[in-house]
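One structure coming up, written as structure tokens, with questions to follow.
The values are calculated or read from the model by the stated rules, or taken from the named source; none is laboratory data. This one's a predicted model, so the numbers in the text were calculated from it and none came from an experiment. No Cβ is skipped: glycine too gets one built from the backbone with ideal geometry, and neighbour counts run over all protein chains shown.
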Amino acid sequence: MNYILIDTNNWENLLPLTFTKPVSELRVGILTIKEKWERYLNTKISSYLTNSYLNQKFKLIIEDENILINSSVLPNSELIHKIKNLDFNETISDGEDIIAIKLRNFDINNFILSNLNDSGKIITNIQSKIQYPWDIFTKNAREIEADFKLLTNNRKSQILSSTNRFVNPENIFVEEGAKVEFSILNPDKGYIYIAKDAEIMEGSIIRGSMALCEHSTIKMGAKIYGATTIGPHSKVGGEVNNSVITGYSSKAHDGFLGNSVLGEWCNLGADTNNSNLKNNYAEVKVWNYHHQKFIKTNLQFCGLIMGDHSKSGINTMFNTGTVVGVSANIFGSGFPRNFIPSFSWGGASGFQEYALNKVFETAELVMNRRNIKLDEIEKNILKSVFEITSKYRNF
């Protein structure tokens, strides 16, 4: 069976995180959404139906028999059972969106979700769906628990060093090659997962739930509150609370990051801080690309949403509910605006356009440090985002 992860209108609601990737490449819990589906279905998925400019990297593969799955939905065993028992042209829906459909000789050009015949629809309750960026951190605790159980079932953790202090060791899992010394680990009714070749340095205080992914580092004296995920090949220091770092990003120094989501290839300079609570304790509003305005989050705590390749200089301050696009470079004193367009260069005193050739120069240097090449496919994606977002850069 060929499984295809499809992006619906949620792709736009999840911008800027999805400017450079399909929804299924977002990380929530320990795994990306795609990795969750692969684990539950016990198969490799390499086909996406997403925005056309992403197709060169995230290809659409069509075979004789295909099951299309809404990529914003987080899987569970009950849903997997229903998907595997679909008949051709039968759909699963939650009453609002189609969750899955099985098609033979599927023609992509004729596939429009809103025009599908509803006959044969199976209505099901969907426990979790990622519809807005803040869903990633608000649902992170539940997803760390689900992924922890999925990854560690019938497996034995490596033994924690006696230099550490910890409680509830049954809720702590340490993969082979991970290093943890002279630290405090408290799952706090949650879970702590430390992946292969990850490291927690001396003096760190970890309160779960927390996931540290492969080849990532928590630096000395860090304070990490749950539910927090640090994606692969990342470095984190200072204080972090209920945040998700997708991967290949750094917040290596002191400073606070709370109720936030960082994309890939981001870097927060020393003593960068974000506010996650308004002074008047009011509900936080956040910029939404689909509605082209600030919308209500129904949250009192909401911090920073930052797209791929964006950076902040030392002592940068982000206000509550700030949205930063792709490849923005923010620096200087004072609070910058709480919607910073992609390819912006500046801060509270004003912005100018971040030239694309300069963006490429920086990205090449950053990615080379992880032995990854900024190839023409990646450049073409960034070029497309640069053109799509030009209307927001009215400096």
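How many residues, within the stretch 61-81, are surrounded by 14 or more Cβ atoms within 10 Å (Cβ to Cβ) and under 17 Å from P22 (Cα atoms)? Show your work before the answer.
Quick first cut of the stretch 61-81, residues surrounded by 14 or more Cβ atoms within 10 Å (Cβ to Cβ) only: 62, 66-76, 79-80.
Imposing the further condition that a residue be under 17 Å from P22 (Cα atoms) reduces the set to 68-75.
Count: 8.
Being surrounded by fewer than 19 Cβ atoms within 10 Å (Cβ to Cβ) and closer than 19 Å to K251 by Cβ narrows it down to one residue among F335, F395, F318, F301; which is it? Outline the logic, then answer.
Working: F395 fails: closer than 19 Å to K251 by Cβ; F318 fails: surrounded by fewer than 19 Cβ atoms within 10 Å (Cβ to Cβ); F301 fails: surrounded by fewer than 19 Cβ atoms within 10 Å (Cβ to Cβ).
The unique qualifying residue is F335.
Only one of (1) within 15 Å of V240 (Cβ to Cβ); (2) surrounded by fewer than 17 Cβ atoms within 10 Å (Cβ to Cβ) is not met by T228, so which one is it?
Among (1) within 15 Å of V240 (Cβ to Cβ); (2) surrounded by fewer than 17 Cβ atoms within 10 Å (Cβ to Cβ), T228 violates only (2).
Give the number of residues within the stretch 348-381 that are on the phi > 0 side of the Ramachandran plot and small (G, A, S).
Final tally of qualifying residues: 1.
Counting only residues that are at pLDDT below 95 and hydrophobic (A, V, I, L, M, F, W, C), which one in the stretch 11-59 is farthest from the chain's Cα centre (by Cα)?
L49
Moving to a separate point now. Consider the stretch 124-146. How many of its residues are in contact with an Asp or Glu (Cβ under 8 Å, 6 or more places away or on another chain) and either surrounded by 15 or more Cβ atoms within 10 Å (Cβ to Cβ) or modelled with pLDDT of 85 or more (or both)?
Within the stretch 124-146, the first condition is being in contact with an Asp or Glu (Cβ under 8 Å, 6 or more places away or on another chain), and the residues that meet it are 124-126, 128-129.
Subset that is either surrounded by 15 or more Cβ atoms within 10 Å (Cβ to Cβ) or modelled with pLDDT of 85 or more (or both): 124, 126, 128-129.
Total meeting the criteria: 4.
Restricting the first residue to the stretch 322-333 and requiring it to be at positive phi, which pairs with a second residue that is in a strand (DSSP E or B) meet a Cβ separation below 6 Å and a spacing of at least six or different chains?
G332/G347
Within the stretch 217-225, can one find any residue that is touching a Gly at 6+ places or on another chain (Cβ under 7 Å), of a type in the set (G, A, S) and modelled with pLDDT of 95 or more?
Of all residues in the stretch 217-225, those touching a Gly at 6+ places or on another chain (Cβ under 7 Å) come to 219-222.
Of the ones still in play, those that are also of a type in the set (G, A, S) are 221-222.
Those left that are additionally modelled with pLDDT of 95 or more: 221-222.
Checking the stretch 217-225: at least one residue is touching a Gly at 6+ places or on another chain (Cβ under 7 Å), of a type in the set (G, A, S) and modelled with pLDDT of 95 or more.
Here is a follow-up. Can we say D118 is loosely packed, with under 15 Cβ neighbours inside 10 Å, modelled with pLDDT under 95 and more than 18 Å from L26 (Cα to Cα)? Break it down stepwise before answering.
Details: loosely packed, with under 15 Cβ neighbours inside 10 Å: yes; modelled with pLDDT under 95: yes; more than 18 Å from L26 (Cα to Cα): yes.
Spelling it out, D118 is indeed loosely packed, with under 15 Cβ neighbours inside 10 Å, modelled with pLDDT under 95 and more than 18 Å from L26 (Cα to Cα).
Within the stretch 83-112, take every residue that is of a type in the set (S, T, N, Q) and in a loop (DSSP other than H, G, I, E, B) and give me the one that is modelled with the highest pLDDT. Full working, then the answer.
Of the residues in the stretch 83-112, the ones of a type in the set (S, T, N, Q) are 85, 89, 91, 93, 105, 109-110.
Cutting the leftovers down to in a loop (DSSP other than H, G, I, E, B) gives us 85, 89, 105.
Numbers: N85: 94, N89: 83, N105: 73.
Residue satisfying both the conditions and the ranking: N85.
Determine whether the stretch 240-252 contains at least one residue that is over 25 Å from F148 (Cα atoms) and either in a strand (DSSP E or B) or in contact (Cβ under 8 Å) with a residue 12 or more places away in the chain (or both). So that I can check it myself, show each step before the final result.
Looking only at the stretch 240-252, we keep the residues that are over 25 Å from F148 (Cα atoms), and these are 252.
The next check asks that each one be either in a strand (DSSP E or B) or in contact (Cβ under 8 Å) with a residue 12 or more places away in the chain (or both); those that pass are 252.
Looking for residues that are over 25 Å from F148 (Cα atoms) and either in a strand (DSSP E or B) or in contact (Cβ under 8 Å) with a residue 12 or more places away in the chain (or both), one finds at least one in the stretch 240-252, hence yes.
Select, from G346, G350, the only residue that is surrounded by fewer than 18 Cβ atoms within 10 Å (Cβ to Cβ) and either under 14 Å from N274 (Cβ atoms) or in the same structural domain as N273 (by TED's automatic domain parsing) (or both).
On the way: G346 fails: surrounded by fewer than 18 Cβ atoms within 10 Å (Cβ to Cβ).
Selected residue: G350, the only one of G346, G350 that is surrounded by fewer than 18 Cβ atoms within 10 Å (Cβ to Cβ) and either under 14 Å from N274 (Cβ atoms) or in the same structural domain as N273 (by TED's automatic domain parsing) (or both).
Give just the number: which of (1) surrounded by 24 or more Cβ atoms within 10 Å (Cβ to Cβ); (2) within 14 Å of L262 (Cβ to Cβ) does I218 not satisfy?
With respect to (1) surrounded by 24 or more Cβ atoms within 10 Å (Cβ to Cβ); (2) within 14 Å of L262 (Cβ to Cβ), I218 is out only on (2).
Next question. Kindly provide the set of residues from the stretch 29-52 that are in a helix (DSSP H, G or I) and either touching a strand residue (DSSP E or B) at 6+ places or on another chain (Cβ under 7 Å) or not aromatic (F, W, Y) (or both), ordered by number.
If we filter the stretch 29-52 for residues that are in a helix (DSSP H, G or I), which is where we start, we get 33-41, 52.
I33, K34, E35, K36, W37, E38, R39, L41, S52, listed by residue number.
Could you please find all residues in the stretch 194-213 being closer than 13 Å to I230 by Cα, of a type outside the set (D, E, K, R) and part of a strand (DSSP E or B)?
Hits for the stretch 194-213 are I194, I200, I206, M210, A211, L212.
Does at least one position in the stretch 359-380 carry a residue that is assigned to a loop (DSSP other than H, G, I, E, B), buried (at least 22 other Cβ atoms within 10 Å of the Cβ) and either in contact with a Ser or Thr (Cβ under 7 Å, 6 or more places away or on another chain) or touching a residue at least 12 places away in the same chain (Cβ under 8 Å) (or both)? Steps first, answer last, please.
Start the filter on the stretch 359-380 by keeping residues that are assigned to a loop (DSSP other than H, G, I, E, B), which leaves 369-375.
Still in the running and buried (at least 22 other Cβ atoms within 10 Å of the Cβ): none.
No: the stretch 359-380 contains no residue that is assigned to a loop (DSSP other than H, G, I, E, B), buried (at least 22 other Cβ atoms within 10 Å of the Cβ) and either in contact with a Ser or Thr (Cβ under 7 Å, 6 or more places away or on another chain) or touching a residue at least 12 places away in the same chain (Cβ under 8 Å) (or both).
Taking the stretch 160-193, which residues are more than 20 Å from E143 (Cα to Cα), assigned to a loop (DSSP other than H, G, I, E, B) and not acidic (D, E)? I'd like the intermediate steps shown before the answer.
Restricting attention to the stretch 160-193, the residues satisfying the condition of being more than 20 Å from E143 (Cα to Cα) are 160-167, 176-184.
Filter again for assigned to a loop (DSSP other than H, G, I, E, B), leaving 160-164, 167, 176-178, 181-183.
The answer is L160, S161, S162, T163, N164, V167, G177, A178, F182, S183.
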